[in-house]
Amino acid sequence: MSRKPKPAAPGSAADIESMIRVDHAGEYGAVRIYEGQLAVLRGRKGTERSVEMIEHMAQQEQRHLKAFDALINERKVRPTALEPVWRVAGFALGAATAMLGEKAAFACTAAVEEVIDEHYAAQIKALEDGKDPALKEKIEDFRADEAAHRDTALAEGAQQAPGYTLLSETIKAGCRVAIKLSEKI
């Protein structure tokens with residue numbers, strides 16, 4: 001009879017390692033999504049404003065990724081083994097939604113950032129015990145950027161994308177699965 005391992009207690013060392021692993025994976029995935037969107041939208045007539053906004057968001061995601069790269073190295077946390085999957089999946093998601101148009105690219109951003117906002121909020125709550133104030137502060141900072149990305153995407157007409165509800169819900173479900181997998185694998 002095999003027993004399931006107990007989930008890590010909120011704020012425990014194993015839980016914090018899981019947070020760093022999944023956040024590193026998420027920021028990597030976000031960078032790849034924006035790279036996919038930019039690969040499609042750059043140079044397209046009439047997309048200059050959207051490209052500029054996406055480039056700004058991508059730069060912020062690069063800053064987040066760099067910070068989690070440092071935490072992975074400093075704290076000797078094993079990164080997700082799924083990075084090759086997220087490399088391809090993130091780029092493909094960004095490119096595919098951008099091929100559907102700017103509003104679909106923004107719908108993708110809005111959906112992803114909504115899930116990340118919820119995810120970061122849960123992590124902040126788990127870190128309220130004061131066991132890792134530096135990590136909590138970093139996540140709070142990055143959460144603010146992610147919320148701003150979501151708000152920008154909505155302001156740019158994300159909800160006007162063709163099939164918005166289906167697209168958004170599918171992307172959110174995929175993000176939630178990616179989070180669960182990256183926490184452990």
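All of the numbers you see were taken from the coordinates with simple rules; none came from a lab. The structure presented is a predicted model; accordingly, all values stated were derived computationally and were not measured. For neighbour counting, all protein chains shown are included, and Cβ atoms are generated from backbone atoms with ideal geometry for every residue, glycine included.
Annotations for the structure displayed:
- When all alpha carbon pairs of segment 8-99 are counted in 5 Å bins from zero, the resulting P(r) reads 3, 15, 20, 21, 15, 11, 8, 5, 2, 1, 0 %.
- Here the dipole of the chain is about 780 debye; that uses its Cα centre as origin and unit charges on the Cβ of Lys and Arg (positive) and Asp and Glu (negative).
- Percent of Cα pairs in the chain per distance bin of 5 Å, from zero to the largest separation: 1, 8, 17, 22, 19, 14, 9, 6, 3, 1, 0, 0, 0.
- Sparsely packed loop sites in segment 126-185 (the GluC sites (Glu not before Pro) outside DSSP H, G, I, E and B with at most 16 other Cβ atoms within 10 Å) do not occur.
- For R44 and Q159, the FRET efficiency from 1/(1 + (r/R0)^6), where r spans their Cβ atoms and R0 equals 35 Å, is about 0.95.
- Label reach from K131 (point 7 Å along Cα→C-beta): in segment 70-95, no amide nitrogen lies under 13 Å.
- Stretchable slack from R176 to L100, in nm (0.36 nm times residue separation minus alpha-carbon distance): 25.1 nm
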